[in-house]
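K.L.:
What follows is a single structure, and I will ask about it in a moment.
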Amino acid sequence: MALRYSATMPARQTLPALWLLSDARNDAVLERVLRRLPRGSGLIFRHYHLPEPARRARFAQLARLCRRRGHWLVLAGTAREARRRGARASYGPPAAGPGLRLATAHSLREIGRANRSGAALVLLSPAFPTRSHPGAPHLGPLRFLLLAGRSLCPVVALGGMNRRTARRLPGHGWAAIDGLSHKCRAESRDS
């Protein structure tokens, strides 16, 4: 499944509906997870935990694998940084500017900012309770769907997402850190 959207992209181009977000928690299993994802999925490279030279090197390693697997590679950062590194888009808080931008949103106000900035896609979170923020408030299916309905571009659910919770939000793509990496981490511990 791919997501179509309006003015920010050529009419024939679509964005993936399934996204993996990288960070320190899933770095050790990223290659294995990327090989298992359906062809044409997306990776949002964050890796905020690495110093900049190591972050650039890790990005380059994963870029090769993403190209081979036909995955979208998006860089958390500015549009300028994303272009310089050869990413297909940038990711972060809503920001107007050149290039494709995947925006984060947690509220109606941030959905409005994403709409005004011309974001190509919004990652709306946290949809469900997450292991990374135990006890923190989450949107739940009803509030998620109400907020998503206000977006002018496709919305992808993030936060507590896995195949089971994704079925509770029909018609929307989903993204995960743990929800796509957890099985690979368990296999690494077992081997």
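Any read-out appearing in this document is the output of simple, stated calculations on the displayed coordinates, not a laboratory observation. Computed from a prediction, not measured in an experiment: that's the story for all the values here. Cβ: placed from backbone, ideal geometry, glycine included. Neighbour counts: every protein chain shown.
K.L.:
Once both labels are modelled 7 Å past Cα along the beta-carbon direction, what's the residue 80-residue 167 spacing in nm?
P.N.:
Inter-label distance under the simple model: 4.7 nm.
K.L.:
If you don't mind, there's one more thing I want to ask. Would you please calculate the Kirkwood hydrodynamic radius of the range 16-190 over all C-alpha pairs and express it in Å, rounded to one decimal?
P.N.:
One decimal place: 16.3 Å for the Kirkwood radius.
K.L.:
Still on this model: Could you list 25, 67 so that the one with the fewest beta carbons within 10 Å of its beta carbon is first and the one with the most is last?
P.N.:
67, 25
K.L.:
Report the local net charge at residue 123: Lys and Arg +1, Asp and Glu -1, summed over other residues whose C-beta lies under 12 Å from its C-beta.
P.N.:
+1
K.L.:
Among 22, 117, which comes first, second and so on when ranked by fewest other beta-carbon atoms within 10 Å?
P.N.:
In increasing order of surrounding Cβ atoms, one gets 117, 22.
K.L.:
What is the order of 174, 19, fewest Cβ neighbours within 10 Å to most?
P.N.:
174, 19
K.L.:
Further question: Taking the Cα centre of the range 16-190 as origin, sum charge times position over the Cβ atoms of Lys and Arg (+1) and Asp and Glu (-1), and report the length of that vector in debye to the nearest 20.
P.N.:
That gives the range 16-190 a dipole magnitude of about 420 debye.
K.L.:
Roughly what % antiparallel, to the nearest 5, for the DSSP beta bridges in the chain?
P.N.:
For the chain, the DSSP antiparallel bridge percentage is about 5.
K.L.:
Please list, in chain and number order, the residues 5+ apart from residue 156 or on another chain whose amide H is under 5 Å from its amide H, with Hs placed from the backbone.
P.N.:
It is 122, 123, 124, by chain and number.
K.L.:
OK, next. Determine the relative contact order of the chain: mean sequence separation of Cα pairs under 8 Å and six or more apart, normalised by residue count, in whole percent.
P.N.:
19 percent.
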